[in-house]
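The values are calculated or read from the model by the stated rules, or taken from the named source; none is laboratory data. It should be emphasised that the depicted structure is a prediction, and the values quoted were computed from it without experimental measurement. Cβ sites come from the backbone with ideal geometry, for glycine too, and all protein chains shown count toward neighbours. Side chains included, ligands, DNA and RNA excluded: accessible areas come from the protein's heavy atoms. Shrake-Rupley method; radii C 1.70, N 1.55, O 1.52, S 1.80 Å.
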Amino acid sequence: MDLTRTEEQRLLAESAARFISDRHDAGRGRGDGAASPAFDPEAWRHFADLGWLALPIDPAHGGLGGGAVEVGILMEAFGRGLVCQPYLATVVLGAGLIAEHGSEAQKKALLPRVAEGTLRLAFAHSERAARFDLAEVAATAQGLGEGWRLDGEKIAVLDADAADLLIVSARTVAGGGPPGPLALFLVEPDAAGLALRHHPRLGGGSAAVLTLRDVRLPAAARLGTGEGDALAAVEAVVDRALAALSAEAVGMMQAVLDRTLDYTKVRQQFGRPLAANQVVRHRLVDMAVHCDEARSMALRAALKAASTPTERARAACGAKAKIGVGARFVAEQAVQLHGAMGVTEELDIGAYFKRLLAFETLFGSSNHHHRRHLRLGGGTAGGLDLTAEDKAFEAEVRAFIAAHLTPEIRRAQALTPSVFSDPQIVAPWQKALNAKGWVAPGWPREHGGTGWTPMQRWIFETECARAGVPSISPMGVKMVGPVIIGFGTPEQKSHYLPRILSGEDYWCQGYSEPGSGSDLASLRTRAVREGDTYVVNGTKIWTTHAHHANRMFALVRTETGARPQDGISFLLIDMKSPGISIRPILTIGGDHEVNQVFFDDVRVPVANRVGEEGKGWSYGKYLLEFERGSGIASAKLRQGLDQMLALARSDTSGRAIDDPDIAREAARIDIDIDALEMTELRLLAAMQAGEQPGAASSLIKLRISEIRQAVTRLGVDVIGLDALAVEPVRPLYALNQEPVVAEDVLPVVPEHLNSRAWTIFGGTSEIQRDILAKLMLGL
C-alpha cells in the first residue's frame with residue numbers, strides 16, 4: 001500500500017487549495033439564517049470545469065474514474081473553506097446511488113449530466129422515527145399496475161433547494177401486504193403531491209422536510225432493474241459519504257487548530273501570549289493530536305471504501321465515531337481558547353463549531369457508530385487490502401511462526417505482565433529470526449535489515465502479535481543499533497551489529513538518574529578521560545533488565561558546557577566491568593524489571609564512545625525518536641484487546657461483554673487502535689522514503705501509552721472481583737501450584753499496574769506534549 005500522494009492527487013489538492021484561497025471566504029459559511037450561503041451556479045460551473053463533478057464517476061459515463069481518496073482530498077479543502085455547495089448531495093450521494101444501483105440506461109442518461117454540471121441531485125432517505133438506522137424506512141411505494149404511489153415523510157434532505165431531481169427511498173408494498181424490499185425512485189421536485197419545506201442547515205447550506213402524499217410515478221422512475229433490495233446500495237453509498245464527510249471534518253479541524261494557534265500566539269494575557277502558558281500549549285497539542293488521528297481515520301475510510309461490505313462499514317463507522325469525538329474536542333477547545341470572542345459572530349470560529357456539530361450529527365452520532373462498530377465485530381486486525389505478493393509474504397510469516405513458536409514460549413509470553421519479555425523466553429525466538437534474517441526490519445539491508453516495504457513490516461508485526469510471540473528487547477535492535485549504524489565507527493558496526501542481531505549482546509539503557517528523569521540534560525554521571533579510557537562515576541536508575549544485560553549504552557557528562565545539553569557523550573559500557581553494581585527495584589505490579597546501577601571508577605575504553613565527544617545529546621535524541629516511533633505497536637495493542645475480549649466473552653468473567661459499558665469501551669479502544677495503526681503506517685511510509693520520525697514519534701508514543709493503559713484498565717473491569725486475588729510468585733509461567741483464579745486472569749492486574757509506567761518511561765506524556773508543542777506547533 002502506497003500512502004504517499006500521486007502527482008495527480010497533489011495537483012488536485014493544489015487546485016482545491018487555490019479555489020479556497022481565491023474564490024471562497026470561510027466567513028461566508030457563518031450563520032444559519034439569512035447569512036447562510038445559497039447555491040452558487042458560478043461556483044458549480046467552476047467545479048465542472050475543473051473536473052471535480054466528474055471525479056468519482058466512471059469514465060464510461062463521462063467521469064474521470066477517481067476514487068474515495070481523491071474525493072477526500074477535495075472534501076478536505078471544502079472543509080477548510082466551509083464550502084457549502086451541494087457536492088456531497090449530488091456527486092457523492094446522488095451519483096453514487098445511480099452508479100451503485102441504477103440500470104445501465106439510467107447511468108448513461110444521468111451520470112454524464114452530473115459530470116458536466118447540468119444535473120444536481122438530492123437524496124431523501126432519513127426519517128425522524130428511524131433516527132440513524134438506514135434500514136428503518138416507513139415511507140411506502142405501492143405498485144399500481146404500470147406505476148407507483150409514494151407516501152411518507154423525509155427529513156434532513158440535504159441541499160434539496162438546489163436539486164433538479166430527487167432520489168427517494170421507500171418500502172415497496174404489494175396490495176395490502178406488509179412493507180417489502182427497499183426501493184429508490186427518481187422524483188421531480190415539482191411532482192404532484194410532493195411538498196418541500198426548505199430550511200437553513202446548521203453550519204451552512206440548506207436542508208428540507210419532504211412530504212409525499214399520493215405521489216404518482218411511472219414504472220421507469222424506479223432506480224435500477226426493479227429487482228432486489230436497495231438497502232445494500234444505500235449502505236455502501238452512505239459509507240462512502242461518511243468517508244467524504246470525515247475528510248471534510250479533517251479540513252475544518254485543521255482550520256480551527258490553525259486559527260486557534262495563531263490567536264493564542266498574539267493574544268496577550270497578564271503580559272505574555274496565551275500560548276506561553278504550558279496548560280494552553282498542552283491543550284493545543286491535544287487538539288493537534290486529534291487532528292492527526294482524524295486524518296489517519298479519514299484516509300483509512302477512503303482506502304477501504306471499495307472493500308468488502310464489512311471492512312468498508314467498519315472503516316467508515318470507525319472514522320465517523322473517532323472523528324466525531326475529536327471534532328467536538330477541537331471545536332470546544334477552540335471556542336474556549338478564543339474566550340468571549342469564540343461565542344460571537346465576530347470571528348469564524350463559531351461557524352466552524354456549528355459545521356463540526358452538524359458533521360457529528362449527519363448519518364449517525366459517535367455513540368451510534370460506536371454501537372454499529374461493535375455489531376460489525378471489533379478486536380480484529382485492521383484488514384488493509386493486500387496484494388498477491390503481500391498475501392504470499394503473509395503466508396510465509398505464518399508458516400515461520402508455526403514452525404518456530406512453541407506452545408511453551410507462547411504460554412510464557414501470555415503470562416508475562418511486565419513491559420519487556422524475559423530473555424529466556426526471547427532467546428530461542430530471536431535465534432530463529434536471526435537465522436531467517438528477520439531480526440531488524442528497520443535496519444538498512446547492508447547492515448542486516450530486511451528491506452521490507454511498510455506493508456510487509458505491518459504484516460510481520462501483526463502476525464507476530466496475533467500469534468503471541470515474545471517481543472525482542474528494543475534496547476539493541478531499535479535503540480542502540482540505529483545509533484551505531486548512524487554514528488558509529490566501522491569497527492563498532494562490524495563488532496556490535498552482528499552481536500545485536502544474534503542476541504549475544506543483551507543491552508540496557510543508561511539514561512535516567514535520580515533527579516534526572518525526563519529532564520535528562522541535567523544528568524550528573526561523569527566520565528573523566530585518562531588517556532585511552534574514561535573513568536565513569538555516578539548512577540543510573542529505572543534501568544530495565546540491567547540484571548540481565550551484558551552491555552549498556554549510556555549518556556554521561558564528559559565536560560560542563562554553557563548549556564546542560566553540551567558536554568554529554570554516548571558510551572558503550574561492558575556491564576561486567578569492575579566497579580558496576582546493581583540494586584533491584586520492584587514495580588507495583590510485583591515484577592523485577594527495573595534497577596538502579598552504580599558506577600564506581602568504572603573504566604570504559606575511549607574506543608567505546610559513539611560519535612564525537614560532547615555530542616551525545618544529539619545521538620540520544622536520535623535514539624529516542626526511534627524508541628518512540630519505530631515498529632508497529634498497534635498490533636500488540638490489538639492482541640491485548642483481543643485477549644481482554646476473549647475473557648469478556650467467556651464464562652470466566654460471567655460474560656462481561658454483555659455489560660453495555662464494557663462493550664462500548666471495547667469498541668472505543670478498538671477504534672483508537674485503528675487510528676494508531678493508520679498513523680504508524682503513515683510514519684513507516686515516510687521513513688521508507690528517507691524521512692526521520694521527528695514529531696510523529698512523540699505523537700505515537702503519547703497515544704501508545706494512553707491506549708495501552710486503557711486496554712489494561714478494561715481488563716480489570718472485565719475480571720471483576722477476581723481482580724482482588726494477588727499472586728506474588730514470579731515469573732507467573734513458572735508457577736507450580738494451582739492458582740486461586742483462572743490462569744488467563746493471572747496477568748491482568750499486574751499488567752495494569754505495570755502499565756502506569758507507559759506514560760512515564762521514554763519521556764513522560766507531559767514531556768511528549770512539550771516536544772509536540774515545539775516541533776508540530778512551533779511554540
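Shape summary of segment 498-623, radius of gyration then Dmax from alpha carbon positions: 14.0, 45 Å. The calculated Kirkwood hydrodynamic radius for segment 388-472 is 13.4 Å, given to one decimal from all distinct C-alpha pairs. With just the Cα atoms defining each centre, how far is segment 684-711 from segment 414-477? Give it in Å. A separation of 18 Å, based on Cα centres. Taking label points 7 Å from Cα along the Cα-to-Cβ direction, Ala195 and Ala723 give a separation of 5.6 nm. Expressed as a whole percent, the accessible surface of the chain that belongs to carbon and sulfur atoms is 53, based on a 1.4 Å probe. As I understand it, the value is the acute angle between the Cα axis of helix 349-361 and the longest principal axis of the Cα atoms of the chain; what does it come to in degrees, rounded to 10? Approximately 80 degrees, to the nearest ten. Projecting the Cα atoms of Gly145, Leu681, Leu212 onto the dipole axis of the chain, where Lys and Arg carry +1 and Asp and Glu carry -1 at the beta carbon, places Leu681 farthest toward the positive end.
Note down the magnitude of the dipole of segment 388-472 about its Cα centre, charges +1 on Lys and Arg C-beta and -1 on Asp and Glu C-beta and zero elsewhere, to the nearest 20 debye. The partial results should precede the final answer.
Numbers: 9 positive and 9 negative charges, 30 e Å.
Result for segment 388-472 is approximately 140 debye, rounded to the nearest 20.
Full-extension gain between Ala427 and Ala220, please, as 0.36 nm times their residue separation minus the C-alpha to C-alpha distance. Mind dumping the intermediate values first?
Values: separation 207, 0.36 × 207 = 74.52 nm, distance 7.06 nm.
Net length gain for the segment: 67.5 nm.
Each residue of segment 404-413 was assigned a 3J(HN,Hα) from its phi angle through the Karplus expression (A = 6.51, B = -1.76, C = 1.60, θ = phi - 60°), giving 10, 9, 7, x, 5, 5, 4, 5, 4, 5 Hz with x at Gly and Pro.
Accessible area per residue was computed with a 1.4 Å probe on protein heavy atoms; Met341 scores about 80 Å². How far, in degrees from 0 to 90, does helix 104-116 lean away from the longest principal axis of the Cα atoms of the chain, to the nearest 10? Approximately 70 degrees, to the nearest ten. Subtracting the Cα-Cα distance of Ala38 and Asp258 from 0.36 nm times their residue separation leaves 76.5 nm of extension gain.
Compared with the alpha-carbon gap, the fully stretched path from Gln269 to Phe329 is longer by 19.3 nm at 0.36 nm per residue.
Taken along the Cα-to-beta-carbon direction at a fixed 7 Å, the label points for Arg128 and Ala395 span 5.8 nm.
Mind checking segment 98-156 for trypsin sites (Lys or Arg not before Pro) that DSSP puts in a loop (not H, G, I, E or B) and that have at most 14 other Cβ atoms within 10 Å? Each step should come with its number before you reach the end.
Numbers: sites: Lys107, Lys108, Arg113, Arg120, Arg128, Arg131, Arg149, Lys154; in loops: Arg120, Arg131.
Hits after loop and neighbour filter: Arg131.
Counting only Cα atoms, the chain measures 97, 64, 47 Å along its principal axes, largest extent leading.
The mean sequence separation of alpha-carbon pairs under 8 Å and at least six residues apart, normalised by the residue count of segment 388-472, gives a relative contact order of 41 percent.
For segment 291-326, the residues whose amide N sits under 18 Å from a probe point set 7 Å from the Cα of Ala13 along the beta carbon direction are 291-304.
Dipole size in debye (nearest 20) for the chain around its Cα centre, Lys and Arg Cβ +1, Asp and Glu Cβ -1?
About 940 debye.
Would you mind checking Lys540/Lys615; Lys478/Lys615; Lys478/Lys701; Lys615/Lys701; Lys265/Lys621 for any pair whose Cα atoms are more than 22 angstrom apart?
On the way: Lys540/Lys615 19 Å; Lys478/Lys615 20 Å; Lys478/Lys701 14 Å; Lys615/Lys701 25 Å; Lys265/Lys621 27 Å.
Those over the limit are Lys615/Lys701; Lys265/Lys621.
The residues of the chain expose on average 40 square angstrom of accessible surface per residue, using a 1.4 Å probe on protein heavy atoms. Along segment 292-309 the Karplus relation, 6.51 cos²θ - 1.76 cosθ + 1.60 evaluated at θ = phi - 60°, assigns HN-Hα couplings of 5, 5, 4, 4, 5, 5, 5, 5, 4, 5, 5, 5, 9, 5, 9, 8, 4, x Hz to successive residues, with x for each Gly and Pro. On the basis of the beta-carbon distance and an R0 of 41 Å, Val740 and Lys493 show a calculated FRET efficiency of 0.20. A simple spin-label model places pseudo-atoms 7 Å from Cα toward Cβ; at Ser522 and His404 they are separated by 4.4 nm.
For His125, His447, what's the largest-to-smallest order of accessible area, 1.4 Å probe? Don't jump to the answer; show the numbers that get you there.
Values: His125 15, His447 50 Å².
Order by accessible area, largest first: His447, His125.
Once backbone amide H atoms are built at 1.01 Å from N, Ala230 has Leu182, Ala183 as its partners under 5 Å, excluding neighbours fewer than 5 places away on the same chain.
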